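The values are calculated or read from the model by the stated rules, or taken from the named source; none is laboratory data. These numbers were taken from a predicted model, which means no experiment stands behind them. When we count neighbours, we look across all protein chains shown, and the Cβ atoms used for this are built from the backbone with ideal geometry, even at glycine.
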Amino acid sequence: MGTNTIGRQSWTLTAVRDFKSALDEDIEWEEFSYGRTSDELEEEDRRTAFLPSGIVYLLVRANLASEALESGFVTEMCSYPKNGEEWVCFERIVLSSIHPPFGPTIARYAVEDGEDSVEMIQLRCGESLPKKLWLRVVELDPSTMAWLIDSDLSLGKHKGQSTLDDWCEIGEVTRNARNKPWKRKQLALPGPPSKSYKFR
């Protein structure tokens, strides 16, 4: 999933729809669990997040929005040019620190000739954030789907029936999020790793 070639990195992030907090079938308003590995995905204290516009753009472009809503998807990232129409170049437009001077470095990347964007956070002991990123999204592979079905993240393991109180709360959350979209916690991509890793 990753390489150890400094300056020529490739790595991934797996995202799974969070069925517990599903509000509707609009992918921009659905929350996803996410992680580089299956262990990260299953961390109990890891919060779910909405997808940034850049990832939504990639999913729609690849005709994978429905698949993402049904299960999830994988974002593949490269710090060097990739061949193939499915790869899209994003350029770094902002670089800053969350809590300067010791906080992690974070960057925003926008799709070339477009407005859709993603955020990326530099990993502790990871490589520097590149000036350009090449991204694509792909379906979950069969082994990941099998893992998901057996995991606590799958739909079958969650509460089967909603109550009226659930729907009242959902409606309030929906209104607040749609009226103030900047308050939504958005998924941030991980920066280049210092060493390769596998999902499982």
Residue, modelled with the highest pLDDT, within region 135-167, restricted to residues that are of a type in the set (Ser, Thr, Tyr), surrounded by 11 or more Cβ atoms within 10 Å (Cβ to Cβ) and part of a loop (DSSP other than H, G, I, E, B): Ser151
Region 37-83, subset among the aliphatic types (A, V, I, L, M) and in a loop (DSSP other than H, G, I, E, B), residue surrounded by the most Cβ atoms within 10 Å (Cβ to Cβ): Leu51
Selection from region 56-100 of residues that are among the β-branched types (Val, Ile, Thr) and either free of Cβ contacts under 8 Å to residues at least 60 places away in the same chain or in contact with a strand residue (DSSP E or B) (Cβ under 6 Å, 6 or more places away or on another chain) (or both): Val60, Val74, Thr75, Val88, Ile93, Val94, Ile98
All positions within region 25-36 that are outside any helix (DSSP H, G or I) and closer than 13 Å to Leu187 by Cα: Glu30, Glu31, Phe32, Ser33, Tyr34, Gly35, Arg36
Residue list for region 10-44, restricted to those being at pLDDT 85 or above, farther than 17 Å from Leu148 by Cβ, out of contact with any Asp or Glu (no Cβ under 8 Å at 6 or more places or on another chain) and of a type outside the set (Phe, Trp, Tyr): Asp26, Ile27, Glu28
Filter result (in a loop (DSSP other than H, G, I, E, B) and closer than 16 Å to Val56 by Cβ) within region 95-116: Gly114, Glu115, Asp116
Residues of region 109-118 satisfying the condition of being of a type outside the set (A, V, I, L, M, F, W, C) and in contact with a helix residue (DSSP H, G or I) (Cβ under 9 Å, 6 or more places away or on another chain): Tyr109, Gly114, Glu115, Asp116, Ser117
Members of region 105-130 found to be exposed (fewer than 14 other Cβ atoms within 10 Å of the Cβ), touching a Ser or Thr at 6+ places or on another chain (Cβ under 9 Å) and modelled with pLDDT of 85 or more, listed by number: Glu115
Where a residue in region 117-134 is assigned to a strand (DSSP E or B) and its partner, wherever it lies, is among the basic types (Lys, Arg) and surrounded by fewer than 17 Cβ atoms within 10 Å (Cβ to Cβ), with Cβ under 6 Å and at least six apart: Trp134/Lys82
